[in-house]
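Please treat every number below as a calculation from the coordinates, not as lab data. Keep in mind the model is a prediction, meaning the values are calculated, not measured. Cβ coordinates were reconstructed from backbone atoms using ideal geometry, including for glycine residues, and neighbour counts include every protein chain displayed.
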Amino acid sequence: MAPESLLVGRATVQTDVYAFGILVLEVVCGRKPGNQSLPNNYNNSIVDWVWENYKRGSILDVVDLQLNEVFVKEEAECVLMLALACCHPNPNHRPSMRIALRVRAGEVAPPVIPMDKPAFVWPPAMPPSSNEDLEDYSFSGDQNTPSSKLIGRGKSCQIFKLKGAHLL
């Protein structure tokens, strides 16, 4: 559940983006949020677990073990970065679904996210740009404020090329 859900008391576009990020993490990692059978020290938060692996430089360690390392690493990293951006604690710093779909289509690179997971801040800060079609945004350092920059076309993020099929 998105961090702001209890405060706003209803679903919003931003909570839907957060839910999309969680769904992507579940699929790529092969685990559900709060899965009690897999040990971790993150209060069973899939977002915290993936973000911590990202911080350590081992984000690919979260990919589902049942894949037996049969996946395209660059594409897995792209999708995981997109999922973490969608699960940003502050709703106005999450990409729109339009941007998420453009990342998935390979039209733009995934958002750059901070190494340290930002703290949840309420009320949320204003988004960095209201014109999503012209500008994507990234986050730098451990700041909560994003900086704007233009991002060129990236590679496709189709993941898990197994026998010609695509998952995600």
Two-site FRET efficiency, PHE120 against ASN68, from Cβ-Cβ distance with R₀ of 25 Å, rounded to 0.05: 0.10
Gain in span if fully extended, ALA11 to GLU107, counting 0.36 nm per residue against the direct Cα distance: 31.7 nm
Protection proxy ranking of 64-70, 90-96 - average other beta-carbon atoms within 10 Å, highest first: 90-96, 64-70
